[in-house]
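The values are calculated or read from the model by the stated rules, or taken from the named source; none is laboratory data. Everything numeric here is computed off the predicted structure, so don't read it as measured data. Cβ placement follows ideal geometry from the backbone for every residue including glycine, while neighbour counts extend to all protein chains displayed.
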Amino acid sequence: MPSEPIKRGVAAVKRRMARLGAKLPAPAHRHLYGAWTPSELNARPFINVGAGLFHHPYWKNVDYGSGWYAKDQKAAFVEYDLTALAPLPFDDGAITLAYTSHTIEHVDDRAVDNLLGECHRVLRPGGALRVTCPDAGLLYRSLELGARDYWRWRYPWFKGRLSTAPSLDAVALEDFLVREIATSKCRFYVHRKTPLSAEEVRDLARVLPREDLLNTLIDGVSFDPEHPGDHVNWWTEGKLIAALQRAGFRTVYPSRRGQSLFAPLTDVDRFDTTQPSNSLYVEAVR
């Protein structure tokens, strides 16, 4: 039997190799990726679109290279601009799983329709796409209920360098919603364009149904390559499910954090990590 110092040394080496992204047959990998052979895993048949900080040895990152995200894009990635409406650079049926988290709120409906259609094309039959993004239905409900405390997770933004708010007391509930749906219209955003006052949003909410209000908020906003972190779109489960069905997916269903029906995507240390307090989750099977 190995001595305790040797065991500790081996464990330390494994931890270091894991940090460096080495392909270790760790128990978590055996559990989550046991359905694939080593040669299949070496082909990395999984893609993460809008990957940011994400890194996993079996996955390919697909991302938009920009100075805005450079600090997060440490791992190698396949360059892809969603707004170009171009094909994903993969063959038909070459991908087993696709994932995208908090990406589709940054581009318009045409770009999302193209992305979903491309994911359908590159996925093999039985392959799946998992999408997570801000839940506009939940955000809107906070406005209906006057639930200002819900937005505590967004307080740091309004106190940070991108906000001109003199204090949190100056930020109305409507400002939180506008920032999350159409960032450039937030009156406290340093890069604001055509800002909306809280009173204007309040008046619109009195007379417009939910979807009409949300569409009014995003009217006239679009992806800005200088500020790619801005939100320019809204999504509810219903809107996203309809878009996935239009893209051709045969089975589409709402999910929850960590509840994917595909083992690799249940790894909540790597997936579904972004703002679960405001997110929705939908899965689609080709």
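Within region 160-178, can you find the residues that are in contact with a helix residue (DSSP H, G or I) (Cβ under 7 Å, 6 or more places away or on another chain) and not polar (S, T, N, Q)?
First, the residues of region 160-178 that are in contact with a helix residue (DSSP H, G or I) (Cβ under 7 Å, 6 or more places away or on another chain): 163, 165, 168, 171-178.
Across region 160-178, the qualifying residues are Ala165, Leu168, Val171, Ala172, Leu173, Glu174, Asp175, Phe176, Leu177, Val178.
Taken together, the criteria exclude Val201 from residues that are touching a helix residue (DSSP H, G or I) at 6+ places or on another chain (Cβ under 7 Å) and part of a strand (DSSP E or B). Looking only at region 220-269, residues that are surrounded by fewer than 16 Cβ atoms within 10 Å (Cβ to Cβ) and of a type in the set (A, V, I, L, M) come to 4 in all. Within region 113-131, restricting attention to residues that are part of a helix (DSSP H, G or I) and within 19 Å of the chain's Cα centre (by Cα), the residue that is farthest from Leu88 (Cα to Cα) is Asp113.
Rundown of residues vs (1) in the same structural domain as Phe158 (by TED's automatic domain parsing); (2) in contact (Cβ under 8 Å) with a residue 12 or more places away in the chain; (3) within 21 Å of Gly137 (Cβ to Cβ), yes/no style:
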{"residue": "Phe223", "(1), (2), (3)": "no, yes, no"}
{"residue": "Pro254", "(1), (2), (3)": "no, yes, yes"}
{"residue": "Leu261", "(1), (2), (3)": "no, yes, no"}
{"residue": "Asp269", "(1), (2), (3)": "no, no, no"}
{"residue": "Thr273", "(1), (2), (3)": "no, yes, no"}
{"residue": "Ser279", "(1), (2), (3)": "no, yes, yes"}
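Return yes or no: is Ala242 within 15 Å of Asp113 (Cα to Cα) and part of a helix (DSSP H, G or I)? Here the answer is yes, as Ala242 does meet what is asked.
For every residue, the table says whether it meets (1) farther than 22 Å from Thr100 by Cα; (2) modelled with pLDDT under 95.
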{"residue": "Tyr140", "(1), (2)": "yes, no"}
{"residue": "Leu145", "(1), (2)": "yes, no"}
{"residue": "Thr164", "(1), (2)": "yes, no"}
{"residue": "Asp175", "(1), (2)": "yes, no"}
{"residue": "Ala198", "(1), (2)": "yes, no"}
{"residue": "Ile218", "(1), (2)": "no, no"}
{"residue": "Pro225", "(1), (2)": "no, yes"}
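Condition first: closer than 18 Å to Ser255 by Cα and buried (at least 18 other Cβ atoms within 10 Å of the Cβ). Now tell me which residues in region 106-136 satisfy that. Walk me through how you get there before you give the answer.
Here is the first cut: in region 106-136, the residues closer than 18 Å to Ser255 by Cα are 116, 126-136.
Answer for region 106-136, where residues must be closer than 18 Å to Ser255 by Cα and buried (at least 18 other Cβ atoms within 10 Å of the Cβ): Leu116, Gly127, Ala128, Leu129, Arg130, Val131, Thr132, Cys133, Pro134, Asp135, Ala136.
Just one of (1) farther than 19 Å from His231 by Cα; (2) part of a helix (DSSP H, G or I) fails for Ser142. It is (1).
Name the residue that is surrounded by the most Cβ atoms within 10 Å (Cβ to Cβ), counting only residues in region 208-219 that are over 12 Å from Ala182 (Cα atoms) and of a type outside the set (Asp, Glu). Top of the filtered list is Arg210.
Glu283 fulfils the conditions (1) of a type in the set (Asp, Glu); (2) more than 20 Å from Gly50 (Cα to Cα); (3) crowded, with 16+ Cβ neighbours inside 10 Å except for a single criterion, (2).
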